[in-house]
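See structure below.
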Amino acid sequence: MFFKYGKSLITRIGPSEFRCFKVLSKRCLHPMSFGPANMKRRQQRLENPVEIFLHGHRCPSATSRSPRFASYIPVPSQHRTVTSAAALSAASVQQANSNYGLFAKMADSAPVHLAENVLLSVQDMTGLPWWATIMCTTMALRTVVTLPLIVYQMHILDKVEKLQPEIQNLAKELKYEVAVYGKQHGWSEKDAKFHFRKNMKRLVTELYIRDNCHPFKAGLIMCIQIPMWIFISMALRNFSFNTSGSPTDELVHTQLQNGGTLWFPDLTMPDSTWILPVILGSVNLLLVEMFALRTVELSRFQKYITIFLRVFSVVMIPLSASLPSGMVFYWVSSSFVGLTHNLFLRSPTVRRLFRLPRTKMDSDTPYKDLLAAFVAKYIRRK
């Protein structure tokens, strides 16, 4: 039995006189994938016994990936059990006591101090009250830092979407090759699925590298926006509670007590009316529903994310009702800016300005279509 394999032809000649011809555009199945998937051999390598040594005392232990892995516990053999229990107890107590210490270290970290300096600099330069300082700083950071990242994310996602037809064609070709080689080598259905998934993952990764559009790059905005949100929130918390006790923080704390507006004049105290928390939850829910309405058909993962964000938006309402108004006002400002950016980037004129390619979900009347979809889903259904 032998095989002939060219760039556009697969041939099998054997005792059964079975021949299979297929014209392919490229070779999908990697040469390293030939042969049956020997699961038992890999499983045996994962079940090599390992031993633990206790001052010369050898005792068998659980299985490990390699016999080279072993543990050496330097405790006397006659006190092994007592010492281990004491060590575990001390470790648990230390971990419990370090929770607050970890939070305190985060509040006193360099990024949080940088956020404090940014807020103080804006307040000193503008002379605005603290509620306006928080709002202006939020608008500036979200526009200068996160808006370009959103545009970059949209470019990456557009490239990924354009690759889908090519990925589907490669999947068909690979499925055929796996079927042919599976019959030739006697692969089981489990082995065939293993080789298909392995090679499909390799092919898709090669396409992402070729077009420089790996989906992980689309998550860059979250790696920047979430830490920035946390650091500014921690900075406002430090100002509200005067954690350092320095003269500067005492002065800022006094200014925050009179730096609010409307129904929340004191930014260091929670909003007793719950208006800010309700606004925060409503804006976040609106953002989630706008995402759900724009996508024609949600995948399973997108459905789970949408449900999680809905629950998170509701949970944030009672949580923010117990926090200083300055922090909650920052969250409301950040959510409003995000909502504005979302609507802003739906405009066809703005998309042409940022050279964003047109997708299947884009429309010449995006705002009218969004309103119609909202009415059809939430109002007419009732």
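The values are calculated or read from the model by the stated rules, or taken from the named source; none is laboratory data. Note that the structure is predicted; figures quoted are calculated from it, not measured. Here the Cβ positions follow ideal geometry from the backbone for every residue, glycine too, while neighbour counts run over all protein chains shown.
Considering only residues of segment 362-382 that are surrounded by 12 or more Cβ atoms within 10 Å (Cβ to Cβ) and acidic (Asp, Glu), which is modelled with the lowest pLDDT? Among those residues, the one meeting the criterion is 362. Annotation note: Cβ proximity below 6 Å between a residue of segment 257-274 that is touching a residue at least 60 places away in the same chain (Cβ under 8 Å) and a residue that is of a type in the set (S, T, N, Q) (sequence gap 6+ or interchain) occurs for 264/325; 267/325.
For segment 284-293, the criterion of being among the acidic types (Asp, Glu) and either under 17 Å from residue 332 (Cβ atoms) or touching a His at 6+ places or on another chain (Cβ under 9 Å) (or both) is satisfied by no residue at all. Residue under question is residue 286, and the condition is that it be modelled with pLDDT under 90, in a helix (DSSP H, G or I) and under 29 Å from residue 136 (Cβ atoms); does it hold? Criteria met by residue 286. All conditions in (1) surrounded by 16 or more Cβ atoms within 10 Å (Cβ to Cβ); (2) touching a Phe, Trp or Tyr at 6+ places or on another chain (Cβ under 6 Å); (3) modelled with pLDDT of 85 or more hold for residue 266, with the sole exception of (2). Among the residues making up segment 320-361, none is under 30 Å from residue 254 (Cα atoms), aliphatic (A, V, I, L, M) and surrounded by fewer than 14 Cβ atoms within 10 Å (Cβ to Cβ). Within the bounds of segment 160-176, is there any residue that is touching a residue at least 12 places away in the same chain (Cβ under 8 Å) and closer than 30 Å to residue 335 by Cβ? For segment 160-176, residues touching a residue at least 12 places away in the same chain (Cβ under 8 Å) and closer than 30 Å to residue 335 by Cβ: present.
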